[in-house]
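Read the structure below first, then the notes.
The values are calculated or read from the model by the stated rules, or taken from the named source; none is laboratory data. Just so it is clear, the structure is predicted and the values come from calculations on it, not from any experiment. Cβ coordinates were reconstructed from backbone atoms using ideal geometry, including for glycine residues, and neighbour counts include every protein chain displayed.
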Amino acid sequence: MAITVMKRYELKYILNEEQTKYFKEQIKGRMLPDQYGLTSIASLYYDTNNYGLIRGSIDSQDFKEKIRLRSYGIATESSPVFLELKRKAYGIVYKRRVQSTLPDVEKFFQGSEDVFSSGQINKEITTFRDHYRNLVPACLIIYDRIAYYQPDGDLRLTIDHNPRFRTDDLTLTKSMEGTSLLPEGSTILEVKVQEAIPLWLAKILSEGGIYKSSFSKYGTAYKRCIA
């Protein structure tokens, strides 16, 4: 879809290699991998010159907001990319997403007012840009994701393998290389649901010794390298 609006709870867990194998085995029959299989995703985070967005996100427990440009695989000048405004308030994640191209996104961050189609989402993203002013590429986050969906429900799971980052060559057109964010073999599980986690999933997590984490890919990269 060209434009998407999302509102949901997103819970994160850090899994070691054994827990990852256990979890994938346990969800068989309940969750199905989506049609894309293992997909390499790159997210280019924009920030102020003094990293005000990520510093505010790290400091605040109740409200966080980020803006990023996402591609599936290495992008070209004409391939679709997705500009996403993501906010988290009191545990609920709100995401606004617009499909575009690299040239149009560049025009947008240079101040263009009519790059995206009109509508509420365009207004929100443009207001965000104008509020913070002079947003520039700050960090590139890359990972290899498998997404799962529940055939008869709204539950969605993602497992991110080899999460990595870089703070140079901040472009989606060059490579998917970067510095690892986690020990080798570790993954990031995200549970995305409209309401509460189902009991069967809570049982799997508990029996596997898998506990919720507040891990942030961009936040970890900032603490490790940029700050």
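A few remarks follow.
- Restricting the range 126-141 to residues that are assigned to a loop (DSSP other than H, G, I, E, B) and of a type outside the set (Lys, Arg), the residue that is surrounded by the fewest Cβ atoms within 10 Å (Cβ to Cβ): Asn134
- If you filter the range 186-210 down to residues that are modelled with pLDDT of 95 or more and under 20 Å from the mean Cα position of the chain (by Cα), you find that the one that is surrounded by the most Cβ atoms within 10 Å (Cβ to Cβ) is Thr187.
Here is a yes/no grid of residues against (1) hydroxyl-bearing (Ser, Thr, Tyr); (2) in a strand (DSSP E or B):
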residue	(1), (2)
Tyr9	yes, yes
Gly37	no, no
Ala42	no, yes
Leu53	no, no
Lys64	no, yes
Gln99	no, yes
Lys107	no, no
Glu113	no, no
Glu124	no, no
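- Taken over the range 181-208, the criterion of being assigned to a loop (DSSP other than H, G, I, E, B), touching a Phe, Trp or Tyr at 6+ places or on another chain (Cβ under 9 Å) and under 15 Å from Gln19 (Cα atoms) is satisfied by Leu182, Gly208.
- Filter pass, Asp144 being acidic (Asp, Glu) and surrounded by fewer than 15 Cβ atoms within 10 Å (Cβ to Cβ): no
- A residue that is in contact (Cβ under 8 Å) with a residue 60 or more places away in the chain, part of a strand (DSSP E or B) and touching a strand residue (DSSP E or B) at 6+ places or on another chain (Cβ under 7 Å) occurs somewhere in the range 71-81.
- Some residue of the range 161-177 being modelled with pLDDT of 95 or more, buried (at least 21 other Cβ atoms within 10 Å of the Cβ), over 13 Å from Lys217 (Cα atoms) and touching a Lys or Arg at 6+ places or on another chain (Cβ under 8 Å): no
- The listed residue being buried (at least 18 other Cβ atoms within 10 Å of the Cβ), without any contact (Cβ under 8 Å) to a residue 60 or more places away in the chain and within 22 Å of Lys66 (Cβ to Cβ), out of Thr158, Thr220: Thr158
- Output for the range 123-148, where each listed residue is under 30 Å from Tyr22 (Cα atoms) and either in contact with a Ser or Thr (Cβ under 6 Å, 6 or more places away or on another chain) or modelled with pLDDT under 95 (or both): Ile141, Asp144, Arg145, Ala147
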